[in-house]
Amino acid sequence: MPFIARDDSLGRLRARVTAGEPIIGAGAGTGISAKFSERGGVDLIIIYNSGRFRMAGRGSLSGLMPYGDANAIVVEMAREVLPVVRDIPVLAGVCGTDPFRIMPVFLRELKAMGFDGIQNFPTVGLIDGNFRKNLEETGMSYDLEVEMVRVARSIGLLTCPYVFDRDTARAMAKAGADVLVAHVGLTTKGSIGAETALTLEQAADRVQEMRDAAKEVRDDVLVLCHGGPIAEPADAQMVLHRTHGIAGFFGASSIERLAAEPAIEEQARRFRSITMPRRAATSSPKRAESTKAKRTAKR
């Protein structure tokens, strides 16, 4: 896949907005997800470690657990995804708090591999309570993700970070992020979707708050909605119509998991329902030989 310059990527996204069309971003945990998302007309592909777990039948929050090296997993996934995407930007999900990587060096490595941009995932923004406080206090803070975005922007990568509230929206806008993805929680619906979630109305209000906060800092930043109850196309449309200034939708579980689960199940059921042809009952060769021997003995 050819590298797409940041200005070119942004130009394409802004052209969508100018045309009155939504920007659509899609998470891809497999090459086939990326290939057919592009065919379906999405504007961005994002690959991060949760995609691998999600398409293995596990919940997306597996990506926040110690089940593997998140940044190494993205590099592995790149070999599967990057070669099949033809002409849209592909973003790497980067764990910006990773203490075992020199982030400016790693970001340049991702760019050299063919990534066109980055997103901050796994992110401590999804963690709350005392655990979050302890992470912040011990050098694994959201501020590191903000700095990672600032560095990525400085080397020409498209930056599309997750934000979770007014403060994180402002911080990422100040860091120069190109596209903010207003995250309103783990996606609902499907076999492993969240049950604890905002209503669509609450989600729309939350997205609007983040957008307005970001625009106070920079008027040129684009904002997409993502997550929680915004799971199906009708949900995204409702949120876009209930808000103002939101440029589109980013979906990961929404686009690949929720599409794959019913499609695979239904295809399996269709094969399960096929019938075998009816044939006249015939004797087995061994049984026929035995019957012939008995008749000979009687004679």
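The values are calculated or read from the model by the stated rules, or taken from the named source; none is laboratory data. Predicted, not measured: the structure shown is a model, and the values here were computed from it. As a convention, Cβ positions derive from the backbone with ideal geometry for all residues, glycine included, and neighbour counts pool all protein chains shown. SASA here: full protein model, heavy atoms, side chains in, ligands and nucleic acids out. Shrake-Rupley method; radii C 1.70, N 1.55, O 1.52, S 1.80 Å.
Per-structure values
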{"read-out": "Top-ranked residue of the range 260-282 - restricted to ones that are closer than 16 Å to Ala56 by Cβ and not acidic (Asp, Glu), ranked as surrounded by the fewest Cβ atoms within 10 Å (Cβ to Cβ)", "value": "Ile264"}
{"read-out": "Residue list for the range 25-59, restricted to those being under 16 Å from Asp116 (Cα atoms) and either open to solvent by 40 Å² or more (accessible area, probe 1.4 Å) or of a type in the set (A, V, I, L, M) (or both)", "value": "Ala26, Ala28, Ala34, Val42, Leu44, Ile45, Ile46, Ile47"}
{"read-out": "Candidates Asp128, Asp167 - the one that is of a type in the set (Asp, Glu) and at pLDDT 95 or above", "value": "Asp167"}
{"read-out": "Asp219 vs. criteria farther than 27 Å from Arg58 by Cα and within 23 Å of the chain's Cα centre (by Cα)", "value": "no"}
{"read-out": "Scan of the range 129-184 for residues that are in a helix (DSSP H, G or I) and among the hydroxyl-bearing types (Ser, Thr, Tyr), ordered by number", "value": "Tyr142, Ser154, Thr168"}
{"read-out": "Complete set of residues in the range 92-114 that are part of a helix (DSSP H, G or I) and among the hydrophobic types (A, V, I, L, M, F, W, C)", "value": "Met103, Val105, Phe106, Leu107, Leu110, Ala112, Met113"}
{"read-out": "Count - residues of the range 85-111 that are surrounded by fewer than 18 Cβ atoms within 10 Å (Cβ to Cβ) and of a type in the set (A, V, I, L, M)", "value": "2"}
{"read-out": "Unmet requirement for Gln237, which otherwise passes all of (1) open to solvent by 100 Å² or more (accessible area, probe 1.4 Å); (2) over 19 Å from the mean Cα position of the chain (by Cα); (3) at pLDDT 85 or above", "value": "(2)"}
{"read-out": "Lone unmet requirement of (1) at pLDDT 90 or above; (2) part of a helix (DSSP H, G or I) for Ile46", "value": "(2)"}
{"read-out": "Any hit, the range 1-12, residues being farther than 21 Å from Val84 by Cβ, basic (Lys, Arg) and buried (at least 17 other Cβ atoms within 10 Å of the Cβ)", "value": "yes"}
{"read-out": "Considering residues of the range 246-259 that are touching a residue at least 40 places away in the same chain (Cβ under 8 Å), within 14 Å of Ala26 (Cα to Cα) and of a type in the set (A, V, I, L, M, F, W, C) only, the residue surrounded by the most Cβ atoms within 10 Å (Cβ to Cβ)", "value": "Phe250"}
